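Comments concern the structure below.
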Amino acid sequence: MKPFESEEQFKQVIEQIFTLMNDNPDVGPKLNRAQAPHLFEFPDFGLRFHVTYTDAAEAEAGRYLKWTWEDDDCDWEPMIRLTMKGEVANKYFQGRENIPMAVATGRIKVKGPMKKIMELAPVTRPIHNDYRDWLEDEGFDHLLA
C-alpha cells in the first residue's frame, strides 16, 4: 500500500467513506441513532474532520450524517475524538487495522466514553468491502490494504 498522493485525494477518500456509511441501510441509521458526534484528527495532513448525526427530518430523507473539514462550520461538540495518520484511517475503514492493537500501540488515540466507543466500533464493518470496491473502481489500487 502506497500513501495518499495528495491532501485532495485524502479528503476525497474520507468523504467517500462517510458517504458509503450514510448510504448503507445498516450503518447510516445506526450512526444517526447513536447521536455521537466525532472529531477525526489526521496529524500527518494537519486536518480535522467533524462528523455528526442529522436531525429527524434529514434522517427521514435518507441523510443520516453530516460532516465538515472546517472548524468554523462545525456547530457541534465531539463526543468521541480519534487521532490517527491517514494510512491508519485508510486501513481501519477497509477492516485491515486491528483496533485494540492500534489503540494499545498509539497508532490510534481515542478520547470519549469507552462504552459508546465500543458500541460503535463494529457498526462500520458493512462498508469495508464497499470501500475496497470503490478504491478499485476509482483506480486507487495503491490505497488497497
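Where a number appears in this text, it was derived from the coordinates with a stated rule and is not lab data. All of these numbers come straight from a predicted model, not from anything done at the bench. Cβ sites come from the backbone with ideal geometry, for glycine too, and all protein chains shown count toward neighbours.
Using a cut-off of 12 Å between beta-carbons, work out the net charge of the residues near LYS66 (Lys and Arg +1, Asp and Glu -1, LYS66 not included). Can you show the working numbers first?
Details: positive: ARG63; negative: GLU15, ASP55, GLU58, ASP73, ASP75.
Cβ neighbours under 12 Å give a net charge of -4.
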Kindly work out what percent of the DSSP beta bridges joining two residues of the range 7-138 are antiparallel, to the nearest 5. 75 percent
Charge context of LYS2, other residues only, Cβ under 12 angstrom, K/R +1, D/E -1: -3
Among the complete DSSP H segments of the chain, which ones combine at least 15 Å of alpha-carbon extent along their axis with a mean Kyte-Doolittle hydropathy of 1.0 or more? none
Lysines with Cα under 21 Å of LYS115, excluding same-chain neighbours fewer than 8 positions away: LYS30
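Let me spell out the model: positive unit charges on the Cβ of Lys and Arg, negative unit charges on the Cβ of Asp and Glu, origin at the Cα centre of the range 7-138. What dipole size does that give, in debye rounded to 20? Working shown, then result.
Values: 17 positive and 24 negative charges, 184 e Å.
Result for the range 7-138 is approximately 880 debye, rounded to the nearest 20.
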Charged-residue dipole, Cβ positions (Lys, Arg, Asp, Glu), the range 74-145 about Cα centre, Debye nearest 20: 620 debye
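Which loop chymotrypsin sites (Phe, Trp or Tyr not before Pro) in the range 30-124, with loop taken from DSSP, have no more than 12 other Cβ atoms within 10 angstrom of their Cβ? Before the final figure, lay out each step's value.
Details: sites: PHE40, PHE45, PHE49, TYR53, TYR64, TRP67, TRP69, TRP76, TYR92, PHE93; in loops: PHE45, TYR64, TRP69, TRP76.
Filter output for the range 30-124: empty list.
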Against the empirical 2.2 N^0.38 Å scaling, what ratio does the C-alpha Rg of the range 7-138 come to? 0.99
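Count charges around THR19 for me, please; just the other residues with Cβ under 11 Å from its Cβ, Lys/Arg as +1, Asp/Glu as -1.
Working: positive: ARG63; negative: GLU15, ASP23, ASP130.
With Lys, Arg at +1 and Asp, Glu at -1, the net is -2.
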Per q in 0.30 Å⁻¹, report the Debye log10 I(q)/I(0) for the range 1-41, using one uniform scatterer on each alpha carbon and no solvent. -1.02
Relative contact order for the chain using alpha-carbon pairs under 8 Å, separation at least 6, rounded to a whole percent? 27 percent
Along the positive direction of the dipole of the range 7-138 (beta-carbon charges: Lys, Arg +1; Asp, Glu -1; about the Cα centre), which of LEU39, VAL110, THR68 reaches farthest? VAL110
